[in-house]
Each structure stands twice: as structure tokens, then as C-alpha cells.
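See structure below.
The values are calculated or read from the model by the stated rules, or taken from the named source; none is laboratory data. Predicted, not measured: the structure shown is a model, and the values here were computed from it. Using ideal geometry, Cβ is built from the backbone for each residue, glycine included, and neighbour counts are taken over all protein chains shown. These accessible areas exclude ligands, DNA and RNA; they are computed on the full protein's heavy atoms, side chains included. Shrake-Rupley method; radii C 1.70, N 1.55, O 1.52, S 1.80 Å.
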Amino acid sequence: MSFQLPPLPYALNALEPHIDARTMEIHHDKHHQAYVTNLNNAIAGTDTEKMSIEDICKNISKLPMAVRNNGGGHYNHSLFWTIMAPNAGGAPKGKLAEAINSAFGSFDEFKTKFNQAAATRFGSGWAWLIKNAAGKLEVCSTPNQDNPLMDIAEVKGTPLLGIDVWEHAYYLHYQNRRPDYCTAFWNVVNWDEVSKRFEK
Ligand code: MN
């Protein structure tokens with residue numbers, strides 16, 4: 001079995017003006033495709049071929065660095081495309097909104113914390129909203145293509161929402177202004193999908 005690039009669930013230009021079509025095209029069709037291709041090459045002929053991408057992440061300490069980088073890249077980007085949507089943004093509702101208020105004080109305080117994690121991740125990586133083993137929400141960040149599912153992660157949990165802060169995610173449109181990209185991101189967050197992940 002080999003991993004496949006999932007199709008984008010919307011058009012390349014659907015997230016404009018917040019994320020431009022050219023960035024989406026290169027990001028999905030080139031970067032994500034490369035993680036999938038390199039992951040498949042790295043696991044070809046090994047038992048890892050029989051594992052789900054989630055199980056690969058959970059056992060990453062036992063696997064080669066190429067699997068960590070490219071398997072993480074595949075998991076992270078597959079999640080990233082689904083937690084964004086056109087005509088989205090706004091605020092979370094229902095149980096997720098209650099959990100955010102209880103963990104962070106308010107939605108605004110959560111956003112500040114998440115933006116801070118994204119802005120201060122040095123170099124390339126991701127910022128996350130996760131549900132930890134105790135069922136509580138936390139904000140954290142990971143370097144490179146690591147993620148909180150990985151057994152090597154400093155803060156572990158199930159990713160509910162993630163933002164890619166590699167320069168390839170924003171440089172064409174925002175150049176060095178990572179905080180502007182992080183601010184714009186809130187306009188495309190697909191809270192229905194994040195809620196679904198939270199309630200699962
Ligand atoms: Mn990326």
C-alpha cells in the first residue's frame with residue numbers, strides 16, 4: 001500500500017485573499033506531493049507500509065528520519081487542508097467553544113496564545129491546538145514536520161487545528177510578515193471540522 005496525495009477539498013483560489021492561489025498550488029501540488037513521494041520511497045519494502053499515518057507518527061522514535069520528516073509532512077498537510085475552508089472563520093460554537101473558554105479564559109485569549117506559538121516557532125514548524133490525554137485543550141508548537149501525535153513530541157495530544165509556519169506557506173504573498181499570515185489565517189479556519197475532531 002502506498003500513501004496518496006489527498007485532493008484539495010476546494011479550489012486553489014478559494015481561500016483568497018487570505019491565502020493566494022499560487023501559494024496553495026505550490027504548497028499542495030509540489031510540497032505535499034513531495035512528502036508523499038518521499039514517504040512512500042522511505043517505507044517501500046518495510047513493515048511500515050502496513051501502518052496508518054497516525055500509527056507511523058505514534059511510533060516515530062523507532063523509524064528513520066526520512067519517515068519522520070515526510071510522514072509528518074503528509075499527516076500535517078492532510079490535516080491542514082481540511083481545517084481551512086472558504087467562507088469560514090468566525091468563532092467556534094458549542095462544546096468546542098466551551099472547552100476553549102475553560103482552557104484559555106476566552107476565544108481571544110486562545111487566539112493570542114496560538115498566534116504567539118506560531119510567531120515564536122524559530123525557523124520552520126507548526127503551531128497547534130491539541131486535545132491531550134486528559135481531554136484538555138492545549139496550545140503548543142513543533143519544529144520541522146514533527147507533530148503532537150509523535151512519541152518524541154515535547155507536548156503530546158491529538159491535533160485539532162494546526163498552522164503551517166514554514167516560509168513556503170506564506171512567503172509569496174506575505175514575504176517575511178509571518179504575523180500577518182497568522183492573523184489572516186483566522187478568516188479561513190473551518191470550525192465545523194475542528195469541532196468534529198474535538199468531539200471524536
Ligand atoms: Mn507546508
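Just checking, does the stretch 153-162 include any residue being within 16 Å of the ligand (Cβ to nearest atom) and over 25 Å from Lys62 (Cβ atoms)? Yes, the stretch 153-162 has at least one match. Counting the residues of the stretch 167-200 that are assigned to a loop (DSSP other than H, G, I, E, B) and touching a residue at least 60 places away in the same chain (Cβ under 8 Å) gives 2.
Taking the criterion of being in contact (Cβ under 8 Å) with a residue 24 or more places away in the chain, aromatic (Phe, Trp, Tyr) and over 19 Å from Lys196 (Cα atoms), the residues of the stretch 121-166 that qualify are Trp126, Trp166.
Hey, any hits in the stretch 26-44 for a residue that's farther than 16 Å from His168 by Cβ and touching a Phe, Trp or Tyr at 6+ places or on another chain (Cβ under 7 Å)? Within the stretch 26-44, one or more residues are farther than 16 Å from His168 by Cβ and touching a Phe, Trp or Tyr at 6+ places or on another chain (Cβ under 7 Å). Looking only at residues in the stretch 14-24 that are part of a helix (DSSP H, G or I) and within 13 Å of the ligand (Cβ to nearest atom), the one that is farthest from His168 (Cα to Cα) is Met24.
If you go through the stretch 26-60 and keep only what is within 16 Å of Leu79 (Cα to Cα) and acidic (Asp, Glu), you end up with Asp29, Glu54, Asp55. For Gln33, are the conditions met, namely being buried (at least 21 other Cβ atoms within 10 Å of the Cβ), within 16 Å of the ligand (Cβ to nearest atom), among the polar types (S, T, N, Q) and at pLDDT 95 or above? The answer is no for Gln33.
Criterion applied to Gly162, Gly135, Gly123 was being in contact with a strand residue (DSSP E or B) (Cβ under 9 Å, 6 or more places away or on another chain) and surrounded by fewer than 16 Cβ atoms within 10 Å (Cβ to Cβ), and the one residue passing it is Gly123.
Do we find a residue being modelled with pLDDT of 95 or more, open to solvent by less than 50 Å² (accessible area, probe 1.4 Å), over 15 Å from the mean Cα position of the chain (by Cα) and more than 16 Å from the ligand (Cβ to nearest atom) anywhere in the stretch 174-181? Checking the stretch 174-181: not a single residue is modelled with pLDDT of 95 or more, open to solvent by less than 50 Å² (accessible area, probe 1.4 Å), over 15 Å from the mean Cα position of the chain (by Cα) and more than 16 Å from the ligand (Cβ to nearest atom).
On the given criteria, is Ala153 in a helix (DSSP H, G or I) and either closer than 17 Å to Trp191 by Cα or of a type outside the set (Val, Ile, Thr) (or both)? So Ala153 fails the test.
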